[in-house]
Amino acid sequence: MVDIEKLENDARKHASKAVDLDSKGKSEDAVFFYVEAAQALISVREQLISDRQQSRTSSIGLNEIVRLIHDYIKRAEGIKENLKSKPAASIHLKNTSEKGVERARYLLSQALDQDEQKHYEAAFKLYQEAITLCLNEKKNINNAKQKEQLDRFAYQALERAEELKKTELNPASHIRLPSPPRDEVIQQEEQQPLDIDEKSMNISDKRAKLSPHELDVLRRGSKINGRDYVPFFDIDLRERFAFQTPFVDPHGPLKLAPKQQSHFQRWARPDEIMSEPKMIMALSYFSIKQDLISDCSFVASLAVSVQYEKKFNKRIITSIIYPQNKQGEPVYNPCGKYMIRFHLNGVWRKVIIDDTLPIDHSNRLLCSSTTNKNEIWVSLLEKAYMKVMGGYDFPGSNSTVDLHALTGWIPELVSLHQPDSTFDKDKEFDRMFERFHAGHVLITVATPNLSKEEEDRSGLVSSHAYALLDMRKIGTHKLIMLKNPWSHLEWKGNFSDFDTRNWTPELVKALNYDPKLQVDVDNGVFWIDYNSLCHHFENFYLNWSPSLFSHTSCIHNSWPARQGPVKDLYNLGDNPQYVLRAQPKTKSTIWILLTRHITERQDFAVNLVFITLFVYKNGGNKVYYPNEIKPLQDSVKTNSAHYLVKLVTDDEDSNGPTFYTLVVSQYEKNIDIYYSLRVYATCQFSLTPVPEYYNPRYQQEITGEWKGKTAGGCQNNTATYKNNPVYQLVLNNREGNNHIKIELRAPKQFQVGFEITCTETNVSNAPGEFQKTESGSYRSGFCVLTLDNIPGGTYTIRPATFDPNRESPFFLNVASSHQCALTKLQ
């Protein structure tokens, strides 16, 4: 639930800061905080109006709130106008000695933090480095006050270091063998990466222990665009951020986008272009602005994440930035090293960057940032994400992928105009409206490819992502607030700032909307009616909170290209398959997310691998024929990294366990793929691979052919059927639990099948005992039969084509749980 009291406190804090800065002549900073104060009050007013039935109150009256909103916005716009006619104010930058003192202070603070957490060896080393830095910096400083500060830092560090040597440190502990590289550490089964945050999400993941193979899959997914981004472990919370000299990323600077290159002057650290660099001055989606990089979906993702964090007071975006203070808030690091945690290729991973940013000849940032010139969180998050993607020359993405990386929330794509789309406009609005205001979903939207004329007429940008910031129902009107990541260029149609026909006095009052004021403000934020949005936009990108579900589990696996045919149009038997055993006590929701691990830049830019997931309600049995049983949903192969299937259990499923078979599928399988399969559910469940009873050592294959007389056709051809090739299968044991699988493969233009007859058994009363059975209907190029719990003995297999005189080679393959012998009889 939205915290009105916190919003009020934010409004007071921002307004007080704005007035103070205004009175001191710090105009640009004052504008930022006036806008933030107004936005906080707008949120308070919205909640008071929507929650009247709950009798929620504010310490500020509604009329006073409206007055203050107008006053703050008008003052901000007035300052902006005055600034246009004035030369840019000079910025006081810290000199070398001031930066040295700041690094010394930070080194000491990091040592104290490690000391407090009882990490005494790490603390001792940091104390030593703080002392060294203080002594070195003091040699080059003439300022008495700065010398005094350095003396105080050095004395404090020395005193505590000496105490640690006497009380906490074992002299022998100073001799350390080198640790293995992190990319090797994750091969060890006892090392488990962090994935779902069970505490903050209130979700249970009983299968937290990963197998060695799964750890290997995650290790392979670590190398993205030639660099290692290893899974995030508990130990990474102790990452070192303090150094005597500014940290330099060993991977070097990122490749620039073409538009950046044309303006680029140099790489600069924040303290080289900002007077007082801060990580965050005030979280705001208004202040975020995209610049010269084609990452609109990422910047839109940042905007909706910030809007959620402010509205619901839950850290979903600031929690992924390190270093952090004791309150878990990210902080500016004068030593220049940062760690960002992204959810990539199935698990949270760490990305290390330095704080150098591209600037032009005027010291203007050539990357996304905020309107507050001392704030760096947007620029750092973007740099970390662009590093993973191979550079600032980003090929583009979509917001479900970006938001999943930022938050780990479940991605869903809703297409508005696909020919076979089941999109129900009104039902979808109601679903999004309810969940959006409950804090269950983050939403962005995207336009299709638009002509220049369409762009000029509508005010929209072609193939562009927009952040969805608000949804309102007022009478018969359904209105949506969007933000263009560029922070300018707005919608020109119904309910735009220039629309004088649709903005009635009732709507203006309900939305606290001032048409006169908004006409002069182009900040990229605008209202649009839902019908216009559905007409002019192409997709909704939704990311759902995992906290909607009480249970989750995940399997990480691989699918070699050599496993099975290139296309699975006829045979799914070689596809990865899983049994989902659900135990719903009431009607329950189950979502299944298939994520393909992407590691190459060209895979992001031109994704040629199409994946999907078939879900069958068939008792959890292995599926061989794609169309023999209809999947629960029509599965469309997508070249996105994610594919989501949503299920709702039936009332009859509450009577006992319900078994589903999940089948991973590709369009054309030409490369090895690695993937993660995660299930979220509101009921208890288990997720396991479909059991395989067959021992690879006992698999046998024979090449045969139907030719001349032996092309006898099926049983309908009584005179010639007996001429077909015959093979003998011997299970030389006295067990009653033999499992066999027989596959017959031939060119697809032939309809094929086979018959198997038991001629002798070595044991009686086996559960699967039979006299004669067959593979079923004749099929194009492939058929299969599985036999479970059959007795040891001798069997004959007769493969055939449906029509006689159809000459062709074929392959007869037998897989068995026990030792067997397959030979040709005729």
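Please treat every number below as a calculation from the coordinates, not as lab data. No experiment lies behind these values; they were computed from the predicted model shown. We place every Cβ from the backbone using ideal geometry, glycine too, and count neighbours over all the protein chains shown.
With viscosity set to 1.002 mPa s at 20 °C, what whole-number translational diffusion coefficient in µm²/s follows for the range 696-824 from Stokes-Einstein and a Kirkwood radius over Cα pairs? Taking Rh from Cα pairs, D becomes 146 µm²/s. If R0 equals 41 Å, the separation of the Cβ atoms of Leu608 and Gln715 corresponds to a calculated FRET efficiency of about 0.40. For the range 549-689, the Cβ-based charge dipole about the Cα centre amounts to some 160 debye (Lys, Arg positive; Asp, Glu negative; other atoms uncharged). For the range 551-639, the convex hull spanned by the alpha carbon atoms encloses 132 Å³ per residue. Rounded to the nearest whole Hz, the Karplus-based 3J(HN,Hα) values (6.51 cos²θ - 1.76 cosθ + 1.60, θ = phi - 60°) of the range 234-247 follow the sequence 3, 5, 5, 5, 9, 3, 8, 10, 9, 9, 6, 10, x, 5, with x at glycine and proline. The spacing between the range 559-584 and the range 345-385, judged by their C-alpha centroids, is 42 Å. Here the dipole of the chain is about 660 debye; that uses its Cα centre as origin and unit charges on the Cβ of Lys and Arg (positive) and Asp and Glu (negative).
Projecting the Cα atoms of Gln728, Thr794, Thr773 onto the charge dipole of the range 696-824 (Cβ charges, centred on the Cα centre) puts Gln728 farthest toward the positive pole. In degrees from 0 to 90, rounded to the nearest 10, what is the angle of the helix 27-50 Cα long axis to the longest principal axis of the chain? Between the helix axis and the principal axis of the chain, the angle is about 60 degrees. Which angle between 0 and 90 degrees, to the nearest 10, do you get for helix 377-388 versus the longest principal axis of the chain when only C-alpha atoms count? Approximately 30 degrees, to the nearest 10. Counting neighbouring Cβ atoms within 10 Å and putting the fewest first, the residues Val378, Val19 line up as Val19, Val378. Local charge for Glu412 was computed over the other residues whose Cβ lies under 12 Å away, with Lys and Arg +1 and Asp and Glu -1, and equals +2. Remark: for residue pairs Lys80/Lys289; Lys26/Lys80; Lys125/Lys145, the C-alpha separation exceeds 21 Å in Lys125/Lys145. Listed cross-link partners Lys259/Lys387; Lys337/Lys637; Lys259/Lys311; Lys278/Lys483 are compared with a 29 Å cut-off, the Cα-Cα value being larger for Lys337/Lys637; Lys259/Lys311. Against the chain, whose longest principal axis comes from its Cα atoms, helix 120-139 is set at around 40 degrees. Shape of the range 567-610 from the C-alpha gyration tensor: oblate (a/c of 1.5 or more and a/b not above b/c, with a ≥ b ≥ c the square roots of its eigenvalues). Calculated on the Cα set of the chain, radius of gyration then Dmax: 32.7, 112 Å. Packing, as the average of other Cβ atoms within 10 Å across residues, places the peptides 299-311, 325-337 in the order 299-311, 325-337, highest first. About the centre of its Cα atoms, the range 675-826 shows a dipole size close to 320 debye [charges on the beta carbon of Lys, Arg (+1) and Asp, Glu (-1) only; nearest 20 debye].
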